[in-house]
């Protein structure tokens, strides 16, 4: 390998490190609830601090979300692939669970009054 090959490898590794830092620290911090949306419309919001199992029934199908010890995970879905039940837990540091067949997105977020969160239906005019 030539000197330029080593330099290119170092630059690529540095770029990958910067991208990783951006994405790993760009998530919501101190989320205290989860918000469920179907086709971008909010259908429910639940506290991460109240252990519960929530049945989410929509025109596209059925999901069951389990909230326990400050985290949420999809434990049941009647969609054909069930990938949403294999996704990691979401919680205080943010994250999302997505069920494409049911058009469902469950995201960890701050309180509804928190303007630093994300509101899909809010459009600045």
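Quick one: is residue 51 over 13 Å from the mean Cα position of the chain (by Cα), over 14 Å from residue 106 (Cβ atoms) and surrounded by 11 or more Cβ atoms within 10 Å (Cβ to Cβ)? Answer is yes for this residue. You will find that of 5, 32, the residue that is within 18 Å of the chain's Cα centre (by Cα) and at pLDDT below 95 is 32 and no other. Candidates in segment 68-96 are the residues that are within 13 Å of residue 48 (Cβ to Cβ) and not in a loop (DSSP other than H, G, I, E, B); of these, the one that is farthest from the chain's Cα centre (by Cα) is 68.
Condition test on residue 55, is it more than 17 Å from residue 37 (Cβ to Cβ) and touching a strand residue (DSSP E or B) at 6+ places or on another chain (Cβ under 8 Å)?
Values: more than 17 Å from residue 37 (Cβ to Cβ): no; touching a strand residue (DSSP E or B) at 6+ places or on another chain (Cβ under 8 Å): yes.
Criteria not met by residue 55.
The values are calculated or read from the model by the stated rules, or taken from the named source; none is laboratory data. Since we're looking at a predicted model, the values are computed, not measured. Please note: Cβ atoms are built from the backbone with ideal geometry, for glycine as well, and neighbour counts cover all protein chains shown.
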